[in-house]
1. Once the other residues with Cβ under 15 Å from the Cβ of Thr67 are scored (Lys, Arg +1; Asp, Glu -1), what is the net sum?
2. Order of 11-18, 45-52 by packing, highest average Cβ count within 10 Å first?
3. If you add up the charges near Asp10, with Lys and Arg at +1 and Asp and Glu at -1, over every other residue whose beta carbon is less than 10 angstrom from its beta carbon, what do you get?
4. Using 0.36 nm per residue, how much length does the chain from Leu24 to Asp42 gain when fully extended, once their Cα-Cα distance is taken away?
Amino acid sequence: PPLGVYLVSDCGADLLINVVLTCLGFLPGHIHAFYVEYVFYDRREKARQGRHESARAPGVYSDKAQTGGMGYGTMAPEQEGGMTEQPQEVGTMTQPHAKEGTYQ
């Protein structure tokens, strides 16, 4: 069971909990491993469909397992007024009323 938890959540609290549970009894380690792996694959499938869970799954401490391995920061931050910020190219004017030929 610890190998499966390591593959979906890396080395962290979830792996330590699973190792301890496996040492205490083979069945508790398996139950915990199945739960962590279920959360990982369920969140990954939902992220692929564009549905992201806002609440954290209880008892899972790894961000990788919580997000299904997709990570954070996949959307551009919103500005006031609901517009998304567009990246500017190097050498373009950055102020709306900049003098002609003035670059930042």
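1. Values: positive: Arg43, Arg44, Lys46, Arg48, Arg51, Arg56, Lys64; negative: Asp10, Asp14, Glu37, Asp42, Glu45, Glu53, Asp63.
Taking every other residue near Thr67 into account, the sum is 0.
2. Working: 11-18: 17.5, 45-52: 11.2.
So the peptides 11-18, 45-52, ranked by packing, come out 11-18, 45-52.
3. On the way: positive: Lys64; negative: Asp14, Asp63.
Local charge sum for Asp10: -1.
4. Details: separation 18, 0.36 × 18 = 6.48 nm, distance 2.75 nm.
So the chain would gain 3.7 nm between Leu24 and Asp42.
No lab work stands behind these numbers, since they all come straight from the coordinates. What you see is a predicted model, and the numbers here were worked out from it, not measured in a lab. No Cβ is skipped: glycine too gets one built from the backbone with ideal geometry, and neighbour counts run over all protein chains shown.
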